[in-house]
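The values are calculated or read from the model by the stated rules, or taken from the named source; none is laboratory data. These numbers were taken from a predicted model, which means no experiment stands behind them. Note that each Cβ is placed from the backbone with ideal geometry, even for glycine, and that neighbours are counted across all protein chains shown.
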Amino acid sequence: MLKNLLPNFIYNSIKNIPLRVLTEIRLRKNKPIVVNVAGKNVFLSENGITENSNLALMCCENDIKTVIQNISNNSLYSINDQIINGYVTVFGGIRVGVAGEVVTNNNIIKTIKNISSLNIRIPHEIKGCSLKIYDYLVNGNVVYNTLIISPPGAGKTTFLRDFAYQLSIRNASRNILIVDERQELTGYYENSQKLDVGNFADVYTNCTKEFAFINGIRSMKPDVIITDEINLEKDLNAIVNAITSGVSVVCSIHAKNIEDLKNKKAFSEVLNKKLFDRYVVLESIKNPGEIAAVYNENLVCVYL
Amino acid sequence: MIKLLLLVCVFVAIIFLGFSYYMFFKKKENFYKDLTSFLEFASNEISFNKTTISTIVEKYKPYFCSELKTYLNNKFINKTNNFKFVYLNEEEIVDMDEFFNKFGTCDADTEVLKVKNFSVFANNHLAIAKEKVAKQGMLALKLAIAFAFIVVIIFI
């Protein structure tokens, strides 16, 4: 899938790196190409990876243009709405973060031009990565309202994807609604789903959580809603609405740990209302997706 | 007997020449008909679905009836630029390339506008092509038939 995305000289070098350990490719205009391999940033050289910046392959403006052309299929208008949000999701759930000069008109972002940096994030399917704590999150037919906490790149999406899959095969009577705003969870691209989330999942993509929660509950009658990267201030109403409607919510949020989460303004409301029954903290000290701890609704650690 | 056979051959050859001349104009007309329909289809797809160009070409494939199909297929699906137009002149080829080389480089609203502007070009050429079919094409065909009969009569 990377072959259709990258310029040939980058792909020929990337080929030497096992895909299961490659998580990011960073292209910055006129800078050495950086890849994240097994959680560590290193330079990309002609033969694979190197720590020596002198041996690194350089990225020029045309390489960035080539990637943009490839991800848009020579149709920039088809990805402009995504570029406005700062990322483009392409085939296989690969997410390309975009940075450059933001063009606004009357305070409305129209596009990003002169793109100078791209962050290509490669999704990974790790079947069984949620099984270690599955029984802490599911009790018989009850799926606890769960908040997955981790810093960026620590495996939240991989965990959620596997949890949806495991739920599908272990609690097959449950209808799962996946709200996949950035198409990362399911790898949904041009009418086909690339990553496996089981047989009982309905998927909303490319829409706000508020819209998907309200319409999803009304029309798809889910038992569980799974979604990635919530914003407590923006999405709290939708989550409260779902939980009070009898639908379990499993979602993730960016935070380093529970203490970090407590500093978020809206979290006190979440705690007071005891919205979530479980808090799962993920970390990436050795490998991404390591489960650091599981807390209950009173923030008492139940798994370490 | 040989003379009769030769006359039939000459008769068919003259009509074939006239018909070929007529078909040259007809194919050009078909090309522009194809182009205007494709542009209308593309404009709708871009404004309502923001479909990529390669998908638009794929979707429209069953409706193509001219060399436009190969041209667009090469350009947007096979990504090669080795197509040679048979029925267009140099100026028309330059205009075609100029439009399709820049197709897909702007936001949806601008693309729709660009497609609409290019449709005007396509419609103008369609009108010219239709006129040529009606005048030069048909004239060639009629002249060929008449000339073929004259030749046959003379030699009989």
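Consider region A:265-304. How many of its residues are in contact with a Leu (Cβ under 6 Å, 6 or more places away or on another chain) and more than 21 Å from A:Thr158 (Cβ to Cβ)?
Residues flagged as in contact with a Leu (Cβ under 6 Å, 6 or more places away or on another chain) and more than 21 Å from A:Thr158 (Cβ to Cβ) within region A:265-304 amount to 2.
Just checking, does region A:274-285 include any residue being free of Cβ contacts under 8 Å to residues at least 12 places away in the same chain, in contact with a Gly (Cβ under 9 Å, 6 or more places away or on another chain) and part of a loop (DSSP other than H, G, I, E, B)?
So far as region A:274-285 goes, yes, one or more of its residues are free of Cβ contacts under 8 Å to residues at least 12 places away in the same chain, in contact with a Gly (Cβ under 9 Å, 6 or more places away or on another chain) and part of a loop (DSSP other than H, G, I, E, B).
Looking only at region B:81-93, filter to residues that are in a helix (DSSP H, G or I) and surrounded by 11 or more Cβ atoms within 10 Å (Cβ to Cβ); which one of those is nearest to the other protein chains (Cβ to nearest Cβ)?
B:Ile93
Considering only region B:104-120, state which residues are more than 7 Å from chain A (Cβ to nearest Cβ) and either surrounded by fewer than 18 Cβ atoms within 10 Å (Cβ to Cβ) or closer than 15 Å to B:Ile56 by Cα (or both).
B:Asp109, B:Thr110, B:Val112, B:Leu113, B:Val115, B:Lys116, B:Asn117, B:Val120
Quick one: count up the residues across region B:36-58 that are facing chain A (nearest Cβ under 7 Å) and either over 13 Å from A:Ser75 (Cβ atoms) or not polar (S, T, N, Q) (or both).
Final tally of qualifying residues: 3.
How many residues does region B:58-80 contain that are within 17 Å of the chain's Cα centre (by Cα), assigned to a helix (DSSP H, G or I) and among the hydrophobic types (A, V, I, L, M, F, W, C)?
Of the residues in that region, 2 qualify.
Table: residues versus (1) at pLDDT below 85; (2) of a type in the set (Asp, Glu); (3) within 21 Å of A:Tyr134 (Cβ to Cβ).
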residue	(1), (2), (3)
A:Thr227	no, no, yes
A:Gly246	no, no, no
A:Lys262	yes, no, no
A:Lys265	yes, no, no
A:Asn272	yes, no, no
A:Phe276	no, no, yes
A:Tyr279	no, no, yes
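Which of the residues that make up region A:1-34 are hydrophobic (A, V, I, L, M, F, W, C) and under 21 Å from A:Gly100 (Cβ atoms)?
Result: A:Leu5, A:Leu6, A:Ile10, A:Ile25, A:Leu27, A:Ile33, A:Val34.
From A:Asn36, A:Asn4, which residue is touching a residue at least 12 places away in the same chain (Cβ under 8 Å), in contact with a Leu (Cβ under 8 Å, 6 or more places away or on another chain) and under 18 Å from A:Gly92 (Cβ atoms)?
Unique residue meeting the criteria: A:Asn36.
Of A:Asn215, A:Asn257, A:Asn263, A:Asn171, which residue is closer than 23 Å to A:Leu299 by Cβ, free of Cβ contacts under 8 Å to residues at least 40 places away in the same chain and assigned by TED's automatic domain parsing to the domain that holds A:Val294?
It is A:Asn263.
What is the residue count in region A:247-270 for residues that are within 20 Å of the chain's Cα centre (by Cα), of a type outside the set (S, T, N, Q) and part of a loop (DSSP other than H, G, I, E, B)?
Qualifying residue count, region A:247-270: 2.
Inside region A:286-304, can you point out the residues that are more than 22 Å from A:Ala164 (Cβ to Cβ) and either at pLDDT below 80 or in a helix (DSSP H, G or I) (or both)?
A:Lys286, A:Leu304, listed by residue number.
If I filter region B:121-134 down to residues being touching a residue at least 12 places away in the same chain (Cβ under 8 Å) and not aromatic (Phe, Trp, Tyr), which single residue comes out as surrounded by the most Cβ atoms within 10 Å (Cβ to Cβ)?
By that ranking, first place goes to B:Ala122.
Among strands (runs of 3 or more DSSP E) lying entirely in region A:8-111, which contain 2 or more residues that are more than 30 Å from B:Ser47 (Cβ to Cβ), touching a helix residue (DSSP H, G or I) at 6+ places or on another chain (Cβ under 9 Å) and more than 14 Å from chain B (Cβ to nearest Cβ)?
A:22-28, A:40-45, A:48-50
In region B:66-80, what residues are surrounded by 17 or more Cβ atoms within 10 Å (Cβ to Cβ), farther than 17 Å from B:Glu98 by Cα and within 14 Å of chain A (Cβ to nearest Cβ)?
Of everything in region B:66-80, nothing turns out to be surrounded by 17 or more Cβ atoms within 10 Å (Cβ to Cβ), farther than 17 Å from B:Glu98 by Cα and within 14 Å of chain A (Cβ to nearest Cβ).
Starting from residues that are under 17 Å from the mean Cα position of the chain (by Cα), hydrophobic (A, V, I, L, M, F, W, C) and surrounded by 21 or more Cβ atoms within 10 Å (Cβ to Cβ), keep the ones in region A:213-246 and report whichever is farthest from A:Ala164 (Cα to Cα).
So, considering only residues that are under 17 Å from the mean Cα position of the chain (by Cα), hydrophobic (A, V, I, L, M, F, W, C) and surrounded by 21 or more Cβ atoms within 10 Å (Cβ to Cβ), the one farthest from A:Ala164 (Cα to Cα) is A:Ile230.
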